[in-house]
Amino acid sequence: FFFAHMAANSTNDDDYTSSESDSDLDDYVPQSTEPLNKFEETRTEQGTGYDALARQEDTLLGEKCPIVFKLPDGSQKRHEEFRMGHTVEWLKQAVEDKYDLQYLSQKLYFNDKMMIDPLSLSDIAGLSPNQDNIVEVKVV
């Protein structure tokens, strides 16, 4: 568009001066709303911004995994915000944040077996999505 405009309005490159019609270029809006390429197509399908990122994270983290923490004082606290893709470290951080039990002093147990930090909940044998899973918190 720009080059066609230049060719129609100028006889010599040295003669070119700004004209009133050049301001049309500043207001140019592409007419097509079709995606430019595969990336644009994917971005359009998934949306943009925080909502798209949250949807993608939900997909990657997998199914919900309700956890009932059995705390050292004997109380039990149920939490539904965990997903099968979360790690044991994520659970320990949540326990520290919510119950003021130092991360490094915690040991988490499921079915009397210690849960190892780098594992995700989907790696823990017997832990099931969509049902309460009792995790015992011990302080050492």
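Brief remarks on what is shown
- First in the stretch 50-61 and touching a residue at least 12 places away in the same chain (Cβ under 8 Å) and closer than 17 Å to Met84 by Cβ, second anywhere and of a type in the set (Lys, Arg) and outside any helix (DSSP H, G or I), Cβ under 7 Å, 6 or more apart: Leu61/Arg83
- Of note, Tyr103 satisfies the criterion of being aromatic (Phe, Trp, Tyr), closer than 25 Å to Ala125 by Cβ and at pLDDT 55 or above.
- Selection within the stretch 35-45 - surrounded by fewer than 13 Cβ atoms within 10 Å (Cβ to Cβ) and either of a type outside the set (Val, Ile, Thr) or at pLDDT 85 or above (or both): Leu36, Asn37, Lys38, Phe39, Glu40, Glu41, Glu45
- Residue check, Ala125 surrounded by fewer than 13 Cβ atoms within 10 Å (Cβ to Cβ) and without any contact (Cβ under 8 Å) to a residue 24 or more places away in the chain: yes
- Residues (at negative phi, part of a loop (DSSP other than H, G, I, E, B) and surrounded by 15 or more Cβ atoms within 10 Å (Cβ to Cβ)) located in the stretch 52-81: Cys65, Pro66, Leu71
- Filtered residue count, the stretch 82-115, keeping only those that are open to solvent by 70 Å² or more (accessible area, probe 1.4 Å) and either over 20 Å from the mean Cα position of the chain (by Cα) or touching a residue at least 12 places away in the same chain (Cβ under 8 Å) (or both): 10
- Meets criteria (surrounded by fewer than 12 Cβ atoms within 10 Å (Cβ to Cβ) and within 21 Å of Val139 (Cα to Cα)) for Pro118: yes
- Total residues in the stretch 128-137 satisfying the condition of being closer than 18 Å to Ser75 by Cβ and open to solvent by 20 Å² or more (accessible area, probe 1.4 Å): the figure is 3.
The values are calculated or read from the model by the stated rules, or taken from the named source; none is laboratory data. Everything quoted here is computed from the prediction, not taken from an experiment. We place every Cβ from the backbone using ideal geometry, glycine too, and count neighbours over all the protein chains shown. Note: areas computed on protein heavy atoms with side chains; ligands, DNA, RNA excluded. Shrake-Rupley method; radii C 1.70, N 1.55, O 1.52, S 1.80 Å.
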